[in-house]
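Notes for the one structure printed next.
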Ligand SMILES: [Zn+2]
Ligand SMILES: [Zn+2]
Ligand SMILES: [Zn+2]
């Protein structure tokens, strides 16, 4: 399956004026021409010449842009990455679109026209240029004509033209993130090692979004979600009885309505439940958490959450539609998609003058859906819901 440009939902971000937060926009209106520029393509058509004629080792060439000034090895395929392409890779690898597929090309981290792998457990995309420059010219046209296409990580053979899959590429991805200190990630899991996810959703229900993303199937054992609106009476024993939990989500409910508790109650209750569930530091289990504040926490509690309890900076997500900001939330999470930064969109968004319409036009879980999609790297999905 091919898709032109980016789908309707895009994520763009820029450096926050506040030093403590990253800022992101969940945008429904940005044209398909913006987003991170694909790495420079000016000499990518020379890669084949460098390797085949000049016998240069492919590990000495950035396979993302063709540069010979390389910084590190590409973690997934044989070849290297130059400094800007490495930086770009780190920012885009865990980014997904609303459709549940990765936002950018798995090889170069860019791409205008992307070909989507048809293996149901795979969400990867590849751009025309990577197919034509690294496999062989004309590959993109051939793939476009196919009814079903399986990607270079799903096909059994590991070599396609110049493109050769690394044997332990998932470990290499983890090592790259570790070495760069960009964000802590768990090693992505192969489809056969992914188990159904078990979710605990506090205060706000994300069942629909988890089902839409395919994490929860309609058969018992195909993922599970426990939603608890009021955790006041929930004890450690109650939580233990739920069994192993893989993801704890908590979001302060819609601020327009009646809120049963003071805002800080939500954070401290979330943290209390999280502490019951969180594995010990030396436990390698893939465990994720996300807490969302509808901008109701006061600064003191936010600081406590950031520096003392969750020990990570919040990311501010704006829901921007037709260049107006509809809603805004602060999110603390260890899901790596929330640490990514993109280029500013072409239009000039001035936060101080942008109009703010009714809060919560998009439901909060809907706004967060694409940031939950990278959990697909770790948990089994049930394609009937994709
Ligand atoms: Zn490069
Ligand atoms: Zn590409
Ligand atoms: Zn694939």
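How would you rank 261, 330, 74, going from fewest to most other Cβ atoms within 10 Å of each one's own Cβ?
261, 330, 74
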Gain in span if fully extended, residue 184 to residue 260, counting 0.36 nm per residue against the direct Cα distance: 23.8 nm
Taking the number of other C-beta atoms within 10 Å as the exposure measure, put 60, 129, 311 in order starting with the fewest. 311, 60, 129
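Just check segment 136-287 against the gyration tensor rule for me: Cα atoms, a ≥ b ≥ c as the square roots of the eigenvalues, rounded for a/c under 1.5, and otherwise prolate or oblate depending on whether a/b exceeds b/c. Numbers along the way, then the final one.
Numbers: a/c = 2.50, a/b = 2.00, b/c = 1.25.
Judged from the Cα gyration tensor, segment 136-287 comes out prolate (a/c at least 1.5, a/b above b/c).
May I ask you to compute the full-extension gain from residue 240 to residue 148, defined as 0.36 nm times their residue separation minus their alpha-carbon distance, rounded to one decimal in nm? Don't skip to the end; give the middle numbers.
Working: separation 92, 0.36 × 92 = 33.12 nm, distance 4.41 nm.
Going from the current span to full extension adds 28.7 nm.
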Modelling each spin label as a point 7 Å along the Cα-to-Cβ direction, I'd like the residue 120/residue 219 distance in nm, to one decimal. 0.9
Alpha-carbon centroid distance for the pair segment 123-157 / segment 254-316, whole angstrom: 42
Calculated FRET value between residue 268 and residue 171, using beta carbons and R₀ = 30 Å, to 0.05: 0.20
Sort 160, 55 so the one with the fewest other Cβ atoms within 10 Å of its own Cβ comes first. 55, 160
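Based on the Cβ-Cβ distance from residue 285 to residue 229, what FRET efficiency comes out when R0 is 22 Å, to the nearest 0.05? Let's see the in-between values first.
Numbers: r = 27 Å, r/R0 = 1.22.
About 0.25, to the nearest 0.05.
Once fully extended, how much extra length lies between residue 307 and residue 57, figured as 0.36 nm per residue of separation less the alpha-carbon to alpha-carbon distance? Mind showing how you got there, number by number?
Numbers: separation 250, 0.36 × 250 = 90.00 nm, distance 4.59 nm.
Value of the extension gain: 85.4 nm.
The numbers here are math on the coordinates, done by the rules we state, and not lab data. Predicted, not measured: the structure shown is a model, and the values here were computed from it. Here Cβ is always computed from backbone atoms with ideal geometry, including for glycine, and neighbour counts include all displayed protein chains.
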